[in-house]
Amino acid sequence: MYDVAIIGAGVIGSAIARELSRFKLKILVLEKETDVASGTSKANSGIVHAGFDAEPDSLKARYNIAGQKMFDALSEELDFPFKRCGSIVAAFSSDELPKLEELKTQGENNGLNDLKIIGRDELLRLEPNMGKKAIGALFAPSGGIVCPYEMTIAFAENAAENGVEFLFECPVENAVKTKDGFLLKTGLGEFNTKILINAAGLFSDQVNNWLSENKIKIIPRKGEYCLFDKTEGALVGHTLFQLPTKMGKGVLLSPTVDGNLLAGPTSTDIEDKANVATTREGLEEVLAKSGLYTGGLPLSKIITAFAGLRAHSITDDFIIGEAEDVKGLINVSGIESPGLTSAPAIAKHVAGLAAEMTAADKNESFKPRRKGIPRFRHMSTDERKALIAKSPDYGQIVCRCETVTKGEILDAMRAPLGAKNLDAVKRRTRMGMGRCQAGFCSMRVLDIVSEELGIPIDQVTKFGGNTRLLIEKNKATI
Amino acid sequence: MQVDLAVIGGGPAGLAAAVAAREAGIEDIIILEREESLGGILNQCIHNGFGLHTFKEELTGPEYAGRYINKVMEAAIPYRLNTMVLSISPDKKIIASSGQGLLELEAKAVILAMGCRERPRGALNIPGGRPVGIYTAGTAQHFVNIKGYMPGKEVVILGSGDIGLIMARRMTLEGARVKAVIELMPYSGGLNRNIVQCLDDYGIPLRLSHTITEIIGKERVEAVKAARVDENRRPIYETEETISCDTLLLSVGLLPENELSKEAGVKLSPVTGGPLVGDNLQTNMEGVFACGNVLHVHDLVDFVSEESEQAGRNAAKYIQGSSRAGKGIEIEATGGIRYCVPASIDPVSMEESLSLRFRVGDVYKNSSIALYLDENRVINKKRPILTPGEMETLILKKEWFAKYPNTKKIILKLETKE
């Protein structure tokens, strides 16, 4: 019998797990994919929103503002990359200027006191590559950028180190209310839990609707992105936004915390919760709209494109709290933008709720700090020498584009909740994320993963399921 | 640590350059190679056809590499394997990383021989899923030829450059079904003999003036959509058809790998992506030379060897103290010629006989290659056909500059009988 079971190891589930591990509780996280951050958490803008965009008095506003403030301390404590680079909402015509004022007022109503309306001169000073059409902007210095999957991994690893159990490739097929809590029927067996936290993202409506009469509906809202080479990473210095519409914050242009340039997302409601394909129209829209900021983009420097699905609730706000008609079910649903920003604050709140509900004692041996994998690429010559002295594997560069060493790839598999496939290694090390997109390193990493995990090389997958890279030996079908 | 000559890359270019530098009298050489053996990309090119010019034989890639590796061994030229150069500073300080630690070198001369990389799917921005089963042709070649495993069974190949053609044959020989080779241009980018020996001989259809407009598949590639393109190479979406497959191989461009060169302050050609060099293959940075695919993408390794030997000889001269007095005369590549290597000539210091290597930007029938020293045409070579996929060579003689001593301009162009 678990005290708390969390469905979903995205950023929300992982952050909640970490906060819950501050208490003496038996906690289980159930994740249907092979790794944390396998859904929306790995395919979003990676923006820490200042909070001017959220409607005042909404849960989005409350958690955005509270969450945003927590990133400096958290990123240091849990060792994930974060940079408070500032946000700029650009106006491209004079009738957009009053809307900037409205946004500023909204932001101030949400508690932000450092917002500024700036004219073109100041805008060009902040962003020298701004194009001719931008006439003014709202400047929010507290906005930032973060690596959303490294953040998720950091939360999850810390949770695991503090005693939380994680089960992967464990889809929950049904949940029923029992006398003492809930019975979960999963692909890996049945589990009982007192409290059930529904952080199932795109499928959080399904989980809730198994149990509650108050139905939730989640609409997958697709966002497509284009990612540019790091050579373009300094084209802009802040996250650039257009004026938001009711479909969302619009197509932005931003440096990423790793030094690339990111353009996107679009916003299109779809039906299939598993459809993360990019589309011709979507990519054209990304490039057309993000090109507005600088008056053009270095299209030959695109290195990849991707799409993610927002878990949009038809209520237009987060759904956070105990289900009215199901004691012990805590829903954390509809977590679309500003979900990433809100995650630390949501986690604190939900963990507090669950701890109260279980009258939990504090976990005296809670370890708040987590150290990630060493990042050879960021190190000085002396630091690199010291690292290689620890193990020669750190001297062997495997991913040339991102300067990732064999030592880091091994660490990715040896960490708590270690990587079991190439994409999991990629998210932990950046191997394969460079301009050659794993063309050079795939074969090398296959060998390293095969050896470390003790599996035949043709069993290594890209992301589990039917994603083996090597199908059969040469001439097998002859 | 000081060294006279550091050669970055131990593939065919680096090997030939190092051997030539040794033969020219340089003792203190080091070859830095990131793979676990010398030989470079030739190690995975197990088909033959290499060395027709150099050795008058048809060798496989590893055999050709082996000839130069033997020379390196016989000459006992020092080399480091599993060693990746991390940086080259403008004053030729090199930092390289390996399991033994960081190697810090100060070189009198550097030869850049890093080769090139393949353009991936992402750079083409082909929409669709991101399933497993999408590889550049070279990556697939490594899986098949080095690891002995097939990345898939039903293959579509985008790009009819040599690597795509070679892999069409390769995959077929190992039991896959190659359903089509899709080519954007109205002509193939590869050598003619490869079209015959890799496609025609195996009944693999070549779809010219087509491109891939979408990749379908969530976990594994399930199909691709291909469409005809118009005269501007834009897809005609009404002609889209779906080809089922489990693997997509991309042979859509080789890019000289010059990240290190940029760091060293080397000026690159916007056309080739490789360094701009003079007739001695020296870049704008003194004592830094370039050769092989890092300089410009070659079709025949024989020319890589020739070019790299030239670089080795010139690096040796530089180390031995001979300096260059004047500035070079830029070669203007125009009228259908996309680029020329070298980019400039110094008529005083050049060798007696110099190879000019260039490519045209389109298919040209019945034209002439002309080289002018000011208004004086010194070369007029008729060519029944010129294609972008086949690098051309012209020999430039030093004695012509004696004939036209005040030459201000060198122009290389195509002339058609009109």
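Is segment A:408-430 home to any residue that is among the hydrophobic types (A, V, I, L, M, F, W, C) and under 16 Å from B:Met84 (Cα atoms)?
Just the residues of segment A:408-430 that are among the hydrophobic types (A, V, I, L, M, F, W, C), to begin with: A:409-410, A:412-413, A:415, A:417, A:419, A:422, A:424-425.
The next check asks that each one be under 16 Å from B:Met84 (Cα atoms); those that pass are none.
So far as segment A:408-430 goes, no, none of its residues is among the hydrophobic types (A, V, I, L, M, F, W, C) and under 16 Å from B:Met84 (Cα atoms).
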In segment A:364-376, is there at least one residue being more than 14 Å from every other protein chain (Cβ to nearest Cβ), buried (at least 23 other Cβ atoms within 10 Å of the Cβ) and more than 30 Å from B:Met114 (Cα to Cα)?
-> no
Selected residue (criterion: nearest to B:Val266 (Cα to Cα)) from residues of segment B:85-103 that are more than 9 Å from chain A (Cβ to nearest Cβ) and free of Cβ contacts under 8 Å to residues at least 60 places away in the same chain | B:Asp91
Please specify each residue of segment A:224-251 satisfying the condition of being surrounded by fewer than 24 Cβ atoms within 10 Å (Cβ to Cβ), within 13 Å of A:Lys289 (Cβ to Cβ) and of a type in the set (A, V, I, L, M).
-> A:Leu243, A:Met247
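Would you mind listing the helices (runs of 4 or more DSSP H) fully within segment A:1-120 where at least 2 residues are surrounded by fewer than 24 Cβ atoms within 10 Å (Cβ to Cβ) and over 17 Å from the mean Cα position of the chain (by Cα)?
Details: elements: A:11-20, A:59-68, A:71-78, A:97-109.
Because the criterion is at least 2 residues that are surrounded by fewer than 24 Cβ atoms within 10 Å (Cβ to Cβ) and over 17 Å from the mean Cα position of the chain (by Cα), the helices (runs of 4 or more DSSP H) in segment A:1-120 that meet it are A:59-68, A:71-78, A:97-109.
Which members of segment B:320-335 meet the condition of being in contact with a strand residue (DSSP E or B) (Cβ under 7 Å, 6 or more places away or on another chain) and either farther than 27 Å from B:Pro388 by Cα or surrounded by 20 or more Cβ atoms within 10 Å (Cβ to Cβ) (or both)? Steps first, answer last, please.
Narrowing segment B:320-335 to residues in contact with a strand residue (DSSP E or B) (Cβ under 7 Å, 6 or more places away or on another chain): B:328-335.
Matches in segment B:320-335: B:Gly328, B:Ile331, B:Ala333.
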Looking at segment B:115-138, which of its residues are at the interface with chain A (Cβ under 10 Å from one of its Cβ atoms) and touching a Pro at 6+ places or on another chain (Cβ under 8 Å)?
-> B:Gly133, B:Tyr135, B:Thr136
Inspect segment A:425-446 for any residue being more than 18 Å from B:Glu35 (Cα to Cα), assigned to a helix (DSSP H, G or I) and in contact (Cβ under 8 Å) with a residue 60 or more places away in the chain and give the result as yes or no.
-> yes
Within segment A:149-181, work out how many residues are over 17 Å from A:Pro344 (Cα atoms) and in contact with a Gly (Cβ under 7 Å, 6 or more places away or on another chain).
-> 5
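Taking the criterion of being away from every other protein chain (no Cβ under 14 Å), out of contact with any Lys or Arg (no Cβ under 9 Å at 6 or more places or on another chain) and within 23 Å of A:Val48 (Cα to Cα), would at least one residue in segment A:297-312 satisfy it? Working first, answer last.
Looking only at segment A:297-312, we keep the residues that are away from every other protein chain (no Cβ under 14 Å), and these are A:310-312.
Checking the rest, the ones that are also out of contact with any Lys or Arg (no Cβ under 9 Å at 6 or more places or on another chain) come to none.
No, there is no match, as no residue in segment A:297-312 is away from every other protein chain (no Cβ under 14 Å), out of contact with any Lys or Arg (no Cβ under 9 Å at 6 or more places or on another chain) and within 23 Å of A:Val48 (Cα to Cα).
Could you pull out the residue among A:Phe463, A:Phe440 that is under 23 Å from B:Glu174 (Cβ atoms) and at the interface with another protein chain (Cβ under 9 Å from one of its Cβ atoms)? Can you show your working first?
On the way: A:Phe463 fails: under 23 Å from B:Glu174 (Cβ atoms).
Exactly one residue qualifies, and that residue is A:Phe440.
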Per-region count, segment A:366-389, residues over 16 Å from B:Gly99 (Cα atoms) and more than 28 Å from the chain's Cα centre (by Cα) | 1
Residue pairs qualifying under the 7 Å Cβ cut-off, at least six apart or on distinct chains, with the first in segment B:150-169 being farther than 27 Å from B:Thr387 by Cα and the second being acidic (Asp, Glu), are B:Met150/A:Glu472; B:Met150/B:Glu174; B:Gly152/B:Asp246; B:Lys153/B:Asp246; B:Glu154/B:Asp246
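Please state which one of A:Thr341, A:Thr304 is β-branched (Val, Ile, Thr) and either surrounded by fewer than 23 Cβ atoms within 10 Å (Cβ to Cβ) or more than 23 Å from A:Phe155 (Cα to Cα) (or both). Step through it out loud before you land on a result.
Values: A:Thr341 fails: either surrounded by fewer than 23 Cβ atoms within 10 Å (Cβ to Cβ) or more than 23 Å from A:Phe155 (Cα to Cα) (or both).
Only one candidate passes the filter, namely A:Thr304.
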State whether one or more residues within segment A:247-259 are touching a Phe, Trp or Tyr at 6+ places or on another chain (Cβ under 7 Å) and within 14 Å of another protein chain (Cβ to nearest Cβ).
-> no
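Of B:Asn314, B:Asn280, which residue is in a loop (DSSP other than H, G, I, E, B) and within 18 Å of B:Ser344 (Cβ to Cβ)? Spell out the reasoning first.
Details: B:Asn314 fails: in a loop (DSSP other than H, G, I, E, B).
Exactly one residue qualifies, and that residue is B:Asn280.
Return the residues of segment A:50-100 that are small (Gly, Ala, Ser) and under 27 Å from A:Leu124 (Cβ atoms); say none if nothing qualifies.
Of the residues in segment A:50-100, the ones small (Gly, Ala, Ser) are A:50-51, A:54, A:58, A:61, A:66-67, A:73, A:75, A:86-87, A:90-91, A:93-94.
Answer for segment A:50-100, where residues must be small (Gly, Ala, Ser) and under 27 Å from A:Leu124 (Cβ atoms): A:Ala50, A:Gly51, A:Gly86, A:Ser87, A:Ala90, A:Ala91, A:Ser93, A:Ser94.
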All but one of (1) farther than 30 Å from A:Ile16 by Cα; (2) of a type in the set (Gly, Ala, Ser); (3) in contact with a Lys or Arg (Cβ under 7 Å, 6 or more places away or on another chain); (4) within 14 Å of chain B (Cβ to nearest Cβ) hold for A:Ala274; which doesn't?
-> (1)
For residues in segment A:150-203 being touching a residue at least 40 places away in the same chain (Cβ under 8 Å) and at positive phi, which is farthest from the chain's Cα centre (by Cα)?
-> A:Gly181
Pairs with Cβ under 8 Å, 6+ apart, first in segment A:399-423 and away from chain B (no Cβ under 14 Å), second in a strand (DSSP E or B) and among the aromatic types (Phe, Trp, Tyr) = A:Leu417/A:Phe166
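Hey, among B:Ile146, B:Ile163, which residue is modelled with pLDDT under 95 and within 14 Å of chain A (Cβ to nearest Cβ)? Explain how you work it out, then say what you get.
Working: B:Ile146 fails: modelled with pLDDT under 95.
It is B:Ile163.
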When you scan segment B:126-165, how many residues do you find that are closer than 29 Å to A:Asp272 by Cβ, surrounded by fewer than 24 Cβ atoms within 10 Å (Cβ to Cβ) and touching a helix residue (DSSP H, G or I) at 6+ places or on another chain (Cβ under 6 Å)?
-> 1
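Go through segment A:294-341 residue by residue and tally those that are polar (S, T, N, Q) and either closer than 25 Å to A:Val176 by Cβ or part of a strand (DSSP E or B) (or both). Working first, answer last.
Kept after step one, since they are polar (S, T, N, Q), are these residues of segment A:294-341: A:294, A:300, A:304, A:313, A:315, A:331, A:333, A:337, A:341.
Pick out the ones that are also either closer than 25 Å to A:Val176 by Cβ or part of a strand (DSSP E or B) (or both) and you get A:304, A:313, A:331, A:333.
Number of matching residues: 4.
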Yes or no: B:Ile385 under 25 Å from B:Leu191 (Cα atoms) and either within 21 Å of the chain's Cα centre (by Cα) or modelled with pLDDT under 95 (or both)?
-> yes
State the number of residues belonging to segment A:350-363 that are in a loop (DSSP other than H, G, I, E, B) and either in contact (Cβ under 8 Å) with a residue 24 or more places away in the chain or buried (at least 18 other Cβ atoms within 10 Å of the Cβ) (or both).
-> 3
Among A:Ser313, A:Ser333, the single one that is closer than 13 Å to A:Ile216 by Cβ, in contact (Cβ under 8 Å) with a residue 24 or more places away in the chain and out of contact with any helix residue (DSSP H, G or I) (no Cβ under 6 Å at 6 or more places or on another chain) is A:Ser313
Residue that is farthest from the other protein chains (Cβ to nearest Cβ) [pool: residues in segment A:278-293 that are buried (at least 22 other Cβ atoms within 10 Å of the Cβ) and touching an Asp or Glu at 6+ places or on another chain (Cβ under 9 Å)] = A:Tyr293
For segment A:204-239, which residues satisfy the criterion of being without any contact (Cβ under 8 Å) to a residue 40 or more places away in the chain and either in contact with a helix residue (DSSP H, G or I) (Cβ under 7 Å, 6 or more places away or on another chain) or assigned to a strand (DSSP E or B) (or both)?
-> A:Lys215
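The values are calculated or read from the model by the stated rules, or taken from the named source; none is laboratory data. Please read all numbers here as calculations on a predicted model, not as lab measurements. As a convention, Cβ positions derive from the backbone with ideal geometry for all residues, glycine included, and neighbour counts pool all protein chains shown.
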